[in-house]
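This report concerns only the one structure given below.
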Amino acid sequence: MNVIIFGPPGAGKGTQAINIVKKFNLYQVSTGDLLRREVKDKTVIGKDIEKIISKGDFATDEIVNDLIEKIVFDTEKKNKLIFDGYPRSLSQAKNLDALLKKSNQKIDFIFFLNVKKETIINRIEKRSLLENRADDNLTTILRRYDTYMETTKPVLDFYSDNTNFYEIDGSEEIAEIFNKIEQILSV
Ligand code: AMP
């Protein structure tokens, strides 16, 4: 099965994605991680990406779509994908649809972790202290939230009519959220 997990930055998508990967033997596709790897490996596009991420902006669809394409067409990962942080714009959602069709796949479950801005700010501040992520200062957090609302909300509207779309309260405890997700995926 292929899964999309959505939610504003700090909603706990990454944590839940890791739990789902372990339990259901899926492969996590985090565009944030893929982009950070480009920066770390100092690739040609890494420098541009570093600037974009540190400002809290979005990487271009071209960059992100290229990174995704390789994974979607990897036969070992076929029908075992969980997308975390992607798609984040309508054009990315349409690109994903096209890539999945081309590779004879589909999305089986879409989760939206819904959480309030205040909760997210608190969580990201804590995470910054623990992980020291350069993009996690307060101004960037607010910027990332607003960018998310502007660009990702239309993606949400795009998927929310689907019968396999599930909205989950992301302000609950990690274990409780995972419990709900697990029940849905186990049907
Ligand atoms: P994340 O780890 O998902 O919170 O992503 C960290 C940062 O990477 C975001 O604030 C964006 O700058 C960038 N990013 C991650 N995923 C995408 C995407 N699908 N499209 C554009 N930019 C992205």
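The values are calculated or read from the model by the stated rules, or taken from the named source; none is laboratory data. Note that the structure is a prediction, hence the values are computed from the model and not measured. Note: ideal-geometry Cβ built from the backbone for every residue, glycine included; neighbour counts use all protein chains shown.
Scanning segment 77-122 for residues that are under 18 Å from Asn19 (Cβ atoms) and modelled with pLDDT of 95 or more yields a total of 8. The condition (being within 8 Å of the ligand (Cβ to nearest atom), at positive phi and modelled with pLDDT under 90) is satisfied by just one residue among Gly56, Gly14: Gly56.
The set of residues in segment 60-86 that are assigned to a loop (DSSP other than H, G, I, E, B), surrounded by 21 or more Cβ atoms within 10 Å (Cβ to Cβ) and either touching a Phe, Trp or Tyr at 6+ places or on another chain (Cβ under 9 Å) or of a type in the set (A, V, I, L, M, F, W, C) (or both) contains only Gly85. Can you pull out the residues in segment 2-27 that are buried (at least 18 other Cβ atoms within 10 Å of the Cβ) and without any contact (Cβ under 8 Å) to a residue 60 or more places away in the chain? Result: Leu26, single match.
This table checks each residue for (1) more than 10 Å from the ligand (Cβ to nearest atom); (2) over 29 Å from Asn104 (Cα atoms); (3) touching a helix residue (DSSP H, G or I) at 6+ places or on another chain (Cβ under 7 Å).
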position: Met1; (1), (2), (3): yes, no, no
position: Ile4; (1), (2), (3): yes, no, no
position: Gly10; (1), (2), (3): no, yes, yes
position: Ile20; (1), (2), (3): yes, no, yes
position: Lys23; (1), (2), (3): yes, no, yes
position: Gly32; (1), (2), (3): no, no, no
position: Leu35; (1), (2), (3): no, no, yes
position: Lys42; (1), (2), (3): yes, yes, no
position: Asp48; (1), (2), (3): yes, yes, no
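Looking at segment 87-187, the helices (runs of 4 or more DSSP H) lying wholly inside it that each contain 2 or more residues that are within 27 Å of Leu67 (Cβ to Cβ) and over 17 Å from the mean Cα position of the chain (by Cα) sit at 90-102, 117-131, 138-159. Going by what's in this entry, would Gly85 be described as within 23 Å of Ser186 (Cβ to Cβ), touching a residue at least 60 places away in the same chain (Cβ under 8 Å), near the ligand (Cβ under 10 Å from one of its atoms) and touching a Gly at 6+ places or on another chain (Cβ under 9 Å)? So Gly85 fails the test.
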